[in-house]
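A quick write-up on the structure given underneath.
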Amino acid sequence: MKFLHTSDWQVGRTFGFAGDVAQGALQAQRVEVIHRLGLLARSHGVHHVLVAGDIYEHETPARLTLHQPLERMREFSDIRWHLIPGNHDAHTPDGLWSRLLRNGSLPENVIFHGKPGAVLIDEAENAWLLPAVLQRRHVLTDLSAYMDQETTPPDALRIGLAHGSVTGFGSGGEEEHNQLAPDRAEKAGLSYLALGDWHGFNEINARTFYSGTPETDRFDIGGGGGGEALLVTIAGSRATPQVERCRTGHHVWKKLGEVTLTSHEDIYALVARVRSIAPEHTGSVLAWAEVSGLLSMEDMALYDNLIVHSLAGAVTCLRLSGEPQLAADLDDLDYFGEAGAVRNAAGVLLSKVSGGGEEGAVAADALQRLFLFYKDLGGAGA
């Protein structure tokens, strides 16, 4: 049998660091990736997609947000989409799943598994799905434990589907709720255990995998980093699953770390570094740099042109923490012309910068703002 394993779509997620344009682009791709998942499944002759929870980001999404993923799945009538709730969209009384089921809003090819128990999903393959169902955001029990005693026909493909954190997995800071036994596949005789909650690909053992989110959603993710789905092939109930990682993400997230700028060479190097992340599709990039350093007025103008404006316009989002500071001397005052009120003001500020201390720091910031304002107005050297 062959199927697709995905999780943590979190449709409706917001990104606090992103502006309105980037926010819209990121949210749109969280919906559009469902179409790519359908195309991926179809291209491999897959008829079942297992979604291991957190289809939605919030328990009460807006009506449009609620129906967008359903309509994307409806487009692939030849594919059965198997959903379970996650901690973000738990199956609570009168929650979103209850409303969708009550209103008959789920397409015929979308199956929501709202209670535990073995379900035949493919008669020809003798494949049975064993879902673990979160009925509230956090639980202290292992909802996959029932799988150990759940009966299925002889030689059945037993496929577990769960959302939570594998006990003892991670950096030691994992939560105590929604825990799953790392050896559940072995204990329950599962051919495969499809997990959600961890946003990057991770292999727990030969039969237990996190797919990660199909559209990356943060700069710091363990494992593969997200933006993938898993194509799983199982030759028989006792066969070891063959798992292929398939790229599905549109956006590429890259944290550059600390970047110190002291010259125009450093500025050009930063531009080249960001553009090299996805050279054939720079518009898909989200880059985050922690910027510091000292630049002359000339180099500050170059930084403003190449980084703050041009590069920021080339990528989906350029997140800059910090900024270089202006390092000016008497020769730089010529930037403001040979005379005039602006040059005189710049001279006063520069003298205070030279004095150092708290007043000097304030003057340095004011001089930098004056320079950028003067440049934007088309002043000399702009």
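Every number in this text was worked out from the coordinates using simple rules, so none of it is lab data. Since we're looking at a predicted model, the values are computed, not measured. When we count neighbours, we look across all protein chains shown, and the Cβ atoms used for this are built from the backbone with ideal geometry, even at glycine.
Brief remarks on what is shown
- If you wrap region 20-159 in the convex hull of its Cα atoms and look at it from every side, the mean projected area works out to 9.8 nm².
- Each peptide in 105-113, 127-135 was scored by the mean count of other Cβ atoms within 10 Å over its residues; highest first, the order is 127-135, 105-113.
- Packing-based order for 76-82, 47-53, using average beta carbon neighbours within 10 Å, highest first: 47-53, 76-82
- Extension gain for Asp220-Leu294 works out to 23.8 nm (0.36 nm per residue, less the C-alpha to C-alpha distance).
- Remark: region 240-302 is approximated by an ellipsoid whose semi-axes, taken from the C-alpha gyration tensor as √(5λ), come to 34, 12, 8 Å, largest first.
- Placing pseudo-labels 7 Å out from each Cα toward the beta carbon at His44 and Glu123 gives an inter-label distance of 2.6 nm.
- Placed amide H near His88: partners under 5 Å, 5+ positions off or other chain: Asp54
- Cβ-based net charge around Met1, under 10 Å, with every Lys or Arg adding one and every Asp or Glu removing one: -1
- For the listed peptides 183-192, 303-312, 15-24, a ranking on the average number of other beta carbons within 10 Å per residue, highest first, reads 183-192, 303-312, 15-24.
- Once the chain from Gln135 to Ser98 is taken as fully extended at 0.36 nm per residue, the excess over their C-alpha distance is 12.2 nm.
- Positive minus negative residues near Leu318 (Lys, Arg vs Asp, Glu; Cβ under 14 Å): +2
- Local electrostatic count at Gln27 - Lys and Arg +1, Asp and Glu -1, tallied over other residues with Cβ under 12 Å: -3
- Distance from region 237-292 to region 10-49 (C-alpha centre basis), Å: 19
- Annotation: amide H-H contacts under 5 Å for Val166 (H modelled 1.01 Å from N, sequence separation of 5 or more, or interchain): Leu180.
- Extension gain for His67-Ser321 works out to 87.8 nm (0.36 nm per residue, less the C-alpha to C-alpha distance).
- Sequence-ordered 3J(HN,Hα) estimates for region 13-18 from the Karplus curve with 6.51, -1.76 and 1.60 and θ = phi - 60° stand at 5, 10, 10, x, 7, 8 Hz, glycine and proline given as x.
- Note, ³J(HN,Hα) from phi for region 153-163, Karplus 6.51, -1.76, 1.60, rounded to Hz, x at Gly and Pro: x, x, 6, 6, 7, 9, 10, x, 9, 8, 10
- Rg and Dmax [Cα atoms of region 168-312; Å; Rg one decimal, Dmax integer]: 21.2, 69
- Values of log10 I(q)/I(0) for region 208-281 across q = 0.18 Å⁻¹ run -0.83, by the Debye formula with one identical scatterer at each alpha carbon and no solvent.
- For region 143-151, 3J(HN,Hα) per residue [Karplus equation, 6.51 cos²θ - 1.76 cosθ + 1.60, θ = phi - 60°, Hz, x = Gly/Pro]: 6, 8, 4, 4, 4, 4, 9, 6, 8
- Rounded if a/c under 1.5, otherwise prolate or oblate - region 92-171, Cα gyration tensor axes: oblate
- Share of alpha-carbon pairs per 10 Å distance bin for region 276-315, given as whole %: 26, 48, 24, 2
- Scaled against 2.2 N^0.38 Å for its residue count N, the alpha carbon radius of gyration of region 1-92 is 1.11.
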